[in-house]
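> Structure provided below as structure tokens; questions to follow.
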Amino acid sequence: MRFRKKVEKDEVYIQAIQQLGSVMEHTIKQNNAVDIYEEYFDDMAEDGSVEPPSAKTINVFRDPNEHKRSAANISWYPDNAQKLAVAYSILEFQRSPPGMCMDLTSGI
């Protein structure tokens with residue numbers, strides 16, 4: 001709790017929150033400017049020749065870890081998209097060995 005109060009008084013934190021607030025306000029105003037109930041494309045003819053959506057498996061990547069875990073996020077390497085990073089989540093973290101979970105309220 002003490003650590004959080006210290007961070008909230010930091011000038012960089014205050015500036016970041018103010019900047020994020022202005023970005024959020026801009027986005028909310030954009031969303032409010034669009035009438036989601038208006039029919040924008042009434043005058044367009046419906047094209048019945050559209051193929052149904054489909055997908056094809058190209059590669060399957062297996063997790064080399066012995067513990068079963070789910071992929072929480074996948075990010076492609078920005079340069080040539082030949083590498084990827086995977087963030088895993090272990091859903092059984094309550095039974096994980098000590099040291100695997102961090103107490104964020106301790107301030108360490």
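The values are calculated or read from the model by the stated rules, or taken from the named source; none is laboratory data. Values in this document were obtained by computation on a predicted structure and should not be read as measured data. Here the Cβ positions follow ideal geometry from the backbone for every residue, glycine too, while neighbour counts run over all protein chains shown. With ligands, DNA and RNA removed, areas are computed over all heavy atoms of the protein, side chains included. Shrake-Rupley method; radii C 1.70, N 1.55, O 1.52, S 1.80 Å.
> Can you tell me how many residues in region 3-20 are assigned to a loop (DSSP other than H, G, I, E, B) and open to solvent by less than 100 Å² (accessible area, probe 1.4 Å)?
As a first pass, look at region 3-20 and keep what is assigned to a loop (DSSP other than H, G, I, E, B): 9-10.
Retained after the next criterion (residues that are open to solvent by less than 100 Å² (accessible area, probe 1.4 Å)): 10.
So the answer is 1.
> Looking at region 69-90, which of the residues that are outside any strand (DSSP E or B) and either small (Gly, Ala, Ser) or exposed (fewer than 10 other Cβ atoms within 10 Å of the Cβ) (or both) is modelled with the lowest pLDDT? Explain how you work it out, then say what you get.
Here is the first cut: in region 69-90, the ones outside any strand (DSSP E or B) are 69, 77-83, 90.
Keeping just the survivors that are either small (Gly, Ala, Ser) or exposed (fewer than 10 other Cβ atoms within 10 Å of the Cβ) (or both) gives 78-82.
Numbers: PRO78: 78, ASP79: 79, ASN80: 74, ALA81: 70, GLN82: 79.
Here the residue is ALA81.
> So, one more: When the residues of region 26-48 are narrowed to those that are modelled with pLDDT under 85 and open to solvent by less than 90 Å² (accessible area, probe 1.4 Å), which ends up farthest from SER89 (Cα to Cα)?
GLY48
> So, one more: State yes or no: is VAL23 open to solvent by less than 100 Å² (accessible area, probe 1.4 Å) and farther than 29 Å from ALA85 by Cα? Write out each step before concluding.
Numbers: open to solvent by less than 100 Å² (accessible area, probe 1.4 Å): yes; farther than 29 Å from ALA85 by Cα: no.
No: the conditions fail for VAL23.
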